[in-house]
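S.K.: There's a structure below that I have some questions on.
The values are calculated or read from the model by the stated rules, or taken from the named source; none is laboratory data. These figures come from a predicted structure and were not determined experimentally. When we count neighbours, we look across all protein chains shown, and the Cβ atoms used for this are built from the backbone with ideal geometry, even at glycine. Note: accessible area is taken over every heavy atom of the protein model, side chains too, but ligands, DNA and RNA are not part of it. Shrake-Rupley method; radii C 1.70, N 1.55, O 1.52, S 1.80 Å.
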Amino acid sequence: MLGFLKKPIVVTAEINMNLVALTVMGLISRLWGLSYPRAVVFDEVYYGQFVSLYMKRIFFVDDSGPPLGHMLLALGGYLGGFDGNFLWNRIGAEYSMNVPVWSLRLLPALAGALCVPLAYQILVELQFSHCAALGAALLILLENSLITQSRFMLLESILIFFILLAVLSYLKFYNLQRHSSFSGSWWFWLLLTGVACSCAVGVKYMGLFTYMLLLAIAGLHFWHMIGDQSFSNVSLMCHFLARGLALIVIPVAMYLSFFYVHLTLLYRSGPHDQIMTSAFQASLEGGLARITQGQPLEVAYGSQITLRNVLGKPMQCWLHSHTNTYPIRYDNGRGSSHQQQVTCYPFKDVNNWWIVKDPGMQQLVVSNPPRPVRHGHIVQLVHGITTRYLNTHDVAAPLSPHSQEVSCYIDYNISMPAQNLWRVEIVNRESDTDVWKTILSEVRFVHVNTSAVLKASGFTGASLPEWGYRQLEVVGEKLSKGYHQSMVWNVEEHRYGKSQEQKEREVELHSPTQMDISKNLSFMAKFTELQWKILTLKNEDTEHKYSSSALDWITMDTNIAYWLHPTSGAQIHLLGNVVTWASANVAALVYVCLSLWYLIRRRRKIYDIPEDAWQLWVSAGGISVGGWAVNYLPFFLMEKTLFLYHYLPALTFQILLIPIVLQHLSDHLCRSLLLKSMLSALIVAWFSSVYFVYRTFSPVTYGEPSLSASELKDLRWKESWNILLRKQ
């Protein structure tokens, strides 16, 4: 029974020393002197703010993309014990001692380092030689721009890592398909493909380009499987479901999980609350939640409410009135009703309070029991402080002459009767008997007499002149002009009115209410709102000193100065290896030309290379050229400020193409020993030049050693490069 103890337990393992060596070199190149400079470098000033907010659990919205990348950067800060206390206000600011610089930069550096062995493995899985794979890895290793981007608290290296991991995982899965379908390793690599794709998209939406490419390749491969008679119908269905689960269902579930963790971590109110709906704000700890906690849920006749416009951009605002009236005549000569002004005011104020009144009764208090207002009910809105009724009539609005003026009615004893009846329409109702709810209900107010809808028009036009205190215009808009979010309002603050006398009511309007009713949003409601804000929120794009066009990237006619030492000439620039970039462009051109040549010849039934070599050529191009195209060409359609670092994912795929083209030339076009020897000699000389350029630009890649003014001038190989020279 114990016979197995008579022999030693032996474990054997195959270790690819190429991979080990490449990984070590990648780690050294990216981790060496990682804490230098101990100052804010370029976009660290942007991402650092979000890391601090994570540390303090304060909610924020970043329109640049999903939260996974920010959370990974914050993880580095958490592991380093960062408390979030640092003012990220300028590039070059020295980090205080409480900022764990090495830890904050660690994850991007590790991701950049691991891209080196990933490039090696991708070429191997594409069935290219280990020599070609080694060449691809070394080119990634010696690419100055990738090194620079990996060594700071930035997201591109993490994005590229997940992109390459997704490509490698799919290739491993596809190669296992031939002989071990549905095995453990087959499932592992298929699932890892979906996980890596979702992580790439979760870091930056640019990851979506590679995800779509892999889905297209997977679809093409499955299409070929359908035509393979060796697969039964049941087997094909199983393959289809497996791919759907791993490449669609799991990525979607993981994408949702990123937001779930994000929203779980950021539970405190913060500076970005105002762009969210009242319901979202009320779900956060502090801020609006402190005001609205315990408010009555159902709006009733006699309720005292504030009405916030749902659109909320470019600023939040509340329905407001004050004792001032519209001028008798505007500057353009048009007349007004001279009624009390109604505006949308972007600050909380006692003049934002309104009372919901039943037109058939005089009382302005909530009855016992309360009578809730439902969808379709007719109400009057009484301004809390002035007790005048919200009104609109056939008079042109001050700034929008094609819309109706909205006012609070003053009886001047002339032939202009009050028109103050409004129908409540709950836009997000589930049934036509829904009750109007605080925060949760989004409502329109439709004027009974004219069918005009209460609208905050100041979002699209100018604010009112001095007589209107520069507040936003409110108008009555005809329904025939279409639906817009500026027509929708929600109750933000709410209390049940108890005082019939005006003096007592004014005191009541300044007092908080306390009734214990929860208004917590579900995760899906919060996710939907946050996702929509990320996709639609547009910060005003301004021209940046180092912004560039997509055309500038191919020939690297631009650079970015990331950091400048305050006293010496030491500086860090995002600059690529000129030889590598030029070689990548040549490789892409050669690939396209050769592919067209082969296609034309094959159309004429002339086959210059064996069929397996042709399939290898096409599949390798689909990954490398396809990866370059989908990560580069979309930028020509984008209306946003672009920078050189946006090109790095596309560049990575283009670099992989260089050894692919070189091996193809060696195997199929250089057919004599002499030509092969000449090509080998040229490759050695070319690779030496790649290393020479890497070493030449290392001082501005790593920031040290410091260079003199003349040495910096020598690095300006192109007139368009902005190398910083300190004035003597």
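S.K.: Given the options TRP628, TRP614, name the one that is under 24 Å from TRP581 (Cβ atoms), assigned by the TED database to the domain that holds CYS197 and part of a helix (DSSP H, G or I).
M.R.: TRP628
S.K.: Please return the ranges of strands (runs of 3 or more DSSP E) entirely within the range 410-475 where 2 or more residues are open to solvent by 50 Å² or more (accessible area, probe 1.4 Å) and in the same structural domain as SER337 (by the TED database).
M.R.: Values: elements: 422-426, 443-447, 452-456.
Strands (runs of 3 or more DSSP E) meeting the threshold: none at all.
S.K.: Here's another thing I want to ask about it. Quickly run through the range 324-380 and pick out the residues that are modelled with pLDDT of 90 or more and among the polar types (S, T, N, Q).
M.R.: Hits for the range 324-380 are ASN324, THR325, GLN339, GLN340, GLN341, THR343, ASN351, ASN352, GLN380.
S.K.: Of everything in the range 336-373, what is farther than 20 Å from ARG495 by Cβ and in a strand (DSSP E or B)? Give them in sequence order.
M.R.: GLN340, GLN341, VAL342, THR343, CYS344
S.K.: Moving on. Could you grab the pairs with beta carbons closer than 7 Å, sequence gap of 6+ or different chains, first residue in the range 231-253 and among the aliphatic types (A, V, I, L, M), second one open to solvent by 60 Å² or more (accessible area, probe 1.4 Å)?
M.R.: Note: pairs meeting the criteria are LEU236/ILE226.
S.K.: Exactly one condition in (1) open to solvent by less than 10 Å² (accessible area, probe 1.4 Å); (2) touching a residue at least 24 places away in the same chain (Cβ under 8 Å) is not met by SER103; state its number.
M.R.: (1)
S.K.: Let me ask something else. Going by the conditions given, is VAL101 under 20 Å from the mean Cα position of the chain (by Cα) and in the same structural domain as LEU256 (by the TED database)?
M.R.: In short, no.
S.K.: I'd like to know if the range 157-166 contains one or more residues that are of a type outside the set (Val, Ile, Thr), surrounded by fewer than 21 Cβ atoms within 10 Å (Cβ to Cβ) and either modelled with pLDDT of 95 or more or at positive phi (or both). I'd like the intermediate steps shown before the answer.
M.R.: So the first thing to find is which residues in the range 157-166 are of a type outside the set (Val, Ile, Thr), and the list is 157, 159, 161-162, 164-166.
Remaining after also requiring surrounded by fewer than 21 Cβ atoms within 10 Å (Cβ to Cβ): none.
No, because not a single residue in the range 157-166 is of a type outside the set (Val, Ile, Thr), surrounded by fewer than 21 Cβ atoms within 10 Å (Cβ to Cβ) and either modelled with pLDDT of 95 or more or at positive phi (or both).
S.K.: Further, regarding this structure: Just the residues that are acidic (Asp, Glu) and either open to solvent by 20 Å² or more (accessible area, probe 1.4 Å) or not in a helix (DSSP H, G or I) (or both), please, taken from the range 257-287. Steps first, answer last, please.
M.R.: Quick first cut of the range 257-287, residues acidic (Asp, Glu) only: 273, 285.
Once the filter is applied, which keeps residues that are acidic (Asp, Glu) and either open to solvent by 20 Å² or more (accessible area, probe 1.4 Å) or not in a helix (DSSP H, G or I) (or both), the range 257-287 yields only GLU285.
S.K.: Let me spell it out: the conditions are (1) among the polar types (S, T, N, Q); (2) out of contact with any Ser or Thr (no Cβ under 9 Å at 6 or more places or on another chain); (3) more than 27 Å from TYR46 (Cβ to Cβ), and ASN98 meets all of them except one. Which number is the exception?
M.R.: (3)
S.K.: While we're here: Output the number of the condition that GLY69 fails; it satisfies all remaining conditions of (1) touching a strand residue (DSSP E or B) at 6+ places or on another chain (Cβ under 6 Å); (2) open to solvent by less than 10 Å² (accessible area, probe 1.4 Å).
M.R.: Single failed check for GLY69: (1).
S.K.: Scan the range 545-552 and give yes if some residue there is in the same structural domain as GLU94 (by the TED database), outside any loop (DSSP other than H, G, I, E, B) and open to solvent by less than 20 Å² (accessible area, probe 1.4 Å), otherwise no.
M.R.: yes
S.K.: Which of the residues spanning the range 634-680 are in a helix (DSSP H, G or I), under 30 Å from ASN559 (Cβ atoms) and without any contact (Cβ under 8 Å) to a residue 12 or more places away in the chain? Write out each step before concluding.
M.R.: Let us first name the residues in the range 634-680 that are in a helix (DSSP H, G or I), namely 634-637, 644-669, 673-680.
This time we only want the ones that are under 30 Å from ASN559 (Cβ atoms), so: 634-637, 644-662.
Residue satisfying the conditions is LEU637 alone.
Okay, residues lined up against (1) out of contact with any Leu (no Cβ under 7 Å at 6 or more places or on another chain); (2) outside any helix (DSSP H, G or I); (3) free of Cβ contacts under 8 Å to residues at least 60 places away in the same chain; (4) under 22 Å from PHE259 (Cβ atoms):
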| position | (1), (2), (3), (4) |
| --- | --- |
| LEU191 | yes, no, yes, yes |
| VAL195 | yes, no, yes, yes |
| TYR205 | yes, yes, no, yes |
| MET212 | yes, no, no, yes |
| ASP228 | yes, yes, yes, no |
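S.K.: Let me ask you something else. In the range 121-144, which residue that is assigned to a helix (DSSP H, G or I) and open to solvent by 30 Å² or more (accessible area, probe 1.4 Å) is farthest from VAL24 (Cα to Cα)?
M.R.: We begin by selecting, within the range 121-144, every residue assigned to a helix (DSSP H, G or I); these are 121-125, 130-141, 144.
Still in the list and also open to solvent by 30 Å² or more (accessible area, probe 1.4 Å): 121, 124-125, 130-131, 134, 138.
Numbers: GLN121: 15, VAL124: 19, GLU125: 21, HIS130: 18, CYS131: 18, LEU134: 14, LEU138: 12 Å.
Among those residues, the one meeting the criterion is GLU125.
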